[in-house]
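The values are calculated or read from the model by the stated rules, or taken from the named source; none is laboratory data. What you see is a predicted model, and the numbers here were worked out from it, not measured in a lab. Using ideal geometry, Cβ is built from the backbone for each residue, glycine included, and neighbour counts are taken over all protein chains shown. Ligands, DNA and RNA are stripped out before the accessible areas are found, and what is left, the full protein with its side chains, is counted by its heavy atoms. Shrake-Rupley method; radii C 1.70, N 1.55, O 1.52, S 1.80 Å.
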Amino acid sequence: MTTLLILIVVVLLAVALWQLTKIFDLTQVGGNVNNTQVANDNDNKVNGYLMFGFLGFIYLTTIFCLLNYSHFPLMSDSASEHGPEVDRLMMISMVLIFFVQTVTQALLHYFAFKYRGKQGQKALYFADNNKLEFIWSIIPAIVLAGLILYGLYAWTNIMFVDEKDEQDAIVIELYAQQFKWEARYAGADNVLGKANVRYIEGVNNLGVDLSDPNAQDDFASSELHIPKGTRVIFKMRSQDVLHSAYMPHFRAQMNCVPGMVTEFSFIPTLTTAEMRDKPAMIEKVANINAIRAKKSEKLVAEGQSALDPYTFDYLLLCNKICGASHYNMQMKIVVDTPEEYKIWLKENAPKTIVQAVKTAAAEAKASETPAVPTKDSTSSNSKDTTVVAQAEMK
């Protein structure tokens, strides 16, 4: 692939140099000017037909891509309540773009042919045309205004959470850092305790204020579990740089900004198991595993381990280039049924951050071995066995 790209660049560079030499010849005044490089009527006619040929190439390529690649899940696999609204807005935008592109490209290439150069023909120049300028200004303005208003309406519906929704919602914090995610659940009181990067120490890597009463039942998880049919309010923080919490199947994305808390909420509508059973997803997984199986044959032949089969999972990704390992910043999302979520919550809720800090402190204290004196503790040759042990370990 690299060789092909280099070859293309070399060919294009040669064409550019050739064109520059032609331009240089045309700019020469007097002397022996090469008039064979000046386009005649036949040349202009050929170029006019070539414009039509290129127009056909554009349309055929578009039709080919639609027939062969439009069946992949793109705007029909949303798993949140607001997802269809976002997909509808995207589809309207795509249809409008496709229509405008089709019409404008046809006009562009048609006029390039119709007004091609002819012997003795002069171009008509006029400074302005109020009618044309009004048409090509007002139509895009109306269309774009409609799209913007529709987008604002959809965004407002997605972001607006009333008091009733907040009472029934689950509050989860998404904590971003280079290069991983961690989720903090609000516990039984459904209120997240205060947190600040200044409190980060030891196992308290989220910087939770351990003295805050609301933080006593908070617990952390490296895997995000959420229940189907229940609104989830995400509070997002960043420890270091600008990250972006991106959950593509839920049509959700929000920046995680150091020093502030951002928010996004949605209602999951499909469990992980239900999404895996969708025909489009089954087809997608089968295609991926076919590619991985082919790759595995080559790896095994080279004495390496085969690739594991792919299984679909929802993912939380970072959609900002946040550093060298940005590509690795992802967390598995599991959408459970309400019953499954209660079971998971019962198993993990007791593992609070406060308890983890207490346990770590107790273990650290227990690991501190007291000094063992020798028989003659007054002797100047007595040694602290703890110090000796540490020296030997070094």
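Might you let me know whether segment 79-98 holds any residue that is closer than 21 Å to Pro268 by Cα, acidic (Asp, Glu), part of a helix (DSSP H, G or I) and touching a residue at least 24 places away in the same chain (Cβ under 8 Å)? Checked segment 79-98: at least one residue is closer than 21 Å to Pro268 by Cα, acidic (Asp, Glu), part of a helix (DSSP H, G or I) and touching a residue at least 24 places away in the same chain (Cβ under 8 Å).
Rundown of residues vs (1) touching a Phe, Trp or Tyr at 6+ places or on another chain (Cβ under 6 Å); (2) modelled with pLDDT under 90; (3) surrounded by fewer than 15 Cβ atoms within 10 Å (Cβ to Cβ); (4) among the small types (Gly, Ala, Ser), yes/no style:
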residue	(1), (2), (3), (4)
Leu317	yes, no, no, no
Lys332	no, no, yes, no
Glu340	no, no, no, no
Ala360	no, yes, yes, yes
Glu363	no, yes, yes, no
Thr369	no, yes, yes, no
Val372	no, yes, yes, no
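Among residues of segment 178-193 that are under 16 Å from Pro213 (Cβ atoms) and modelled with pLDDT of 90 or more, none has a beta-carbon under 9 Å from a residue that is part of a loop (DSSP other than H, G, I, E, B) and of a type in the set (Lys, Arg) at least six positions away or on a different chain.
Here Thr104, Thr62 are screened, and the one residue that is free of Cβ contacts under 8 Å to residues at least 60 places away in the same chain, surrounded by 14 or more Cβ atoms within 10 Å (Cβ to Cβ), in a helix (DSSP H, G or I) and β-branched (Val, Ile, Thr) is Thr62.
Among the conditions (1) in contact (Cβ under 8 Å) with a residue 24 or more places away in the chain; (2) out of contact with any Asp or Glu (no Cβ under 9 Å at 6 or more places or on another chain); (3) surrounded by 14 or more Cβ atoms within 10 Å (Cβ to Cβ), Gly117 misses just one, which is (2).
Per the conditions (1) touching a Leu at 6+ places or on another chain (Cβ under 6 Å); (2) open to solvent by 40 Å² or more (accessible area, probe 1.4 Å), the sole criterion not satisfied by Gln253 is (1). Summed over segment 66-87, residues that are at pLDDT below 90 and open to solvent by 60 Å² or more (accessible area, probe 1.4 Å) total 9. Residue count for segment 182-203, restricted to those that are open to solvent by 10 Å² or more (accessible area, probe 1.4 Å), among the aromatic types (Phe, Trp, Tyr) and within 29 Å of the chain's Cα centre (by Cα): 0. Leu149 falls short on exactly one of the conditions (1) out of contact with any helix residue (DSSP H, G or I) (no Cβ under 7 Å at 6 or more places or on another chain); (2) under 30 Å from Lys351 (Cα atoms), and that condition is (2). Scanning segment 131-154 for residues that are open to solvent by 100 Å² or more (accessible area, probe 1.4 Å) and modelled with pLDDT under 90 gives Lys131, Phe134, Trp136.
Filter segment 46-59 for residues that are open to solvent by less than 90 Å² (accessible area, probe 1.4 Å) and either under 16 Å from Leu108 (Cα atoms) or in contact with a Cys (Cβ under 9 Å, 6 or more places away or on another chain) (or both) and give the result. Once the filter is applied, which keeps residues that are open to solvent by less than 90 Å² (accessible area, probe 1.4 Å) and either under 16 Å from Leu108 (Cα atoms) or in contact with a Cys (Cβ under 9 Å, 6 or more places away or on another chain) (or both), segment 46-59 yields Asn47, Gly48, Met51, Phe52, Gly53, Leu55, Gly56, Ile58, Tyr59.
Of all residues in segment 105-136, those satisfying the criterion of being hydrophobic (A, V, I, L, M, F, W, C) and out of contact with any helix residue (DSSP H, G or I) (no Cβ under 6 Å at 6 or more places or on another chain) are Ala106, Leu107, Leu108, Phe111, Ala123, Leu124, Phe126, Ala127, Leu132, Phe134, Ile135, Trp136. Here Pro248 does not qualify as on the phi < 0 side of the Ramachandran plot, touching a residue at least 40 places away in the same chain (Cβ under 8 Å) and open to solvent by less than 10 Å² (accessible area, probe 1.4 Å). Which of the residues that make up segment 308-328 are aliphatic (A, V, I, L, M) and touching a Leu at 6+ places or on another chain (Cβ under 7 Å)? Residue satisfying the conditions is Leu316 alone.
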